[in-house]
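Enquirer: Please see the structure below; I have some questions.
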Amino acid sequence: MLNLDTHILLHALNGTITKTERRLLENNRWGISAIVLWEISKLYQLQRISLDPADPEFKRALSGIHMMPITLDICLATYKLDIKSDPADEIICATSITHNIPLITRDRRLLKSKVIPLARI
């Protein structure tokens, strides 16, 4: 399984991923932190994306993705991070740490981490 950050999920749903990302995503089950849903909702509300989370097609796409709730263990795992980022990204990274699931991201700050299990592209 791979833990997709918000932007990778959006790129995957829009069909704008790289060939390497496509190979990774085709060969692994997808998972996301519950906070990704909040981030997508906020991005839509702020009119930064056109993908409407209320759209039935979006909901249908989510049905095949494993959702990981935000738990106390995940919140405590944010203490282990060796990077500084926004709180949502920290929860996404801590989800990967807690479940030992590689994170797939393009975020350069996150890719510099030594403690986040990363999907190597």
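Bear in mind that the values in this text are calculations on the coordinates, not laboratory data. For clarity, every value in this text was computed on a predicted model and none was experimentally measured. Quick reminder, even Gly has a Cβ in these numbers, built from the backbone with ideal geometry, and neighbours come from all protein chains shown.
Enquirer: Using 0.36 nm per residue, how much length does the chain from R48 to T16 gain when fully extended, once their Cα-Cα distance is taken away?
Expert: Extra length available between R48 and T16 comes to 9.9 nm.
Enquirer: Still on this structure: Counting alpha carbon pairs within less than 8 Å and at least 6 residues apart, what relative contact order, in whole percent, applies to the chain?
Expert: 32 percent
Enquirer: Another question, then. Tell me, how many Å apart are the Cα centres for the range 56-70 and for the range 1-55?
Expert: So the separation of the two Cα centres works out to 10 Å.
Enquirer: Collect residues whose amide H, placed 1.01 Å from N in the peptide plane, falls under 5 Å from the amide H of L103; neighbours closer than 5 in sequence don't count.
Expert: Answer set, sorted by chain and number: N3, L118, A119.
Enquirer: Now a separate question. List the residues, sorted by chain then number, that are 5 or more residues from I70 or on another chain and whose placed amide H is less than 5 Å from its amide H.
Expert: So I70 has HN proximity to A34.
Enquirer: Shifting gears a bit: Would you mind checking the pairs K19/K114; K19/K112; K59/K80; K42/K112; K59/K114 and listing those with alpha carbons more than 28 angstrom apart?
Expert: K59/K80; K59/K114
Enquirer: Peptides 45-57, 77-89: what's the order by average Cβ count within 10 Å, highest mean first?
Expert: Going by the mean number of other Cβ atoms within 10 Å, highest first, we get 77-89, 45-57.
Enquirer: I need the P(r) histogram for the chain: all alpha carbon pairs, bin width 5 Å from 0 out to the longest distance, whole percents.
Expert: Pair shares across the bins are 2, 11, 23, 24, 21, 13, 5, 0.
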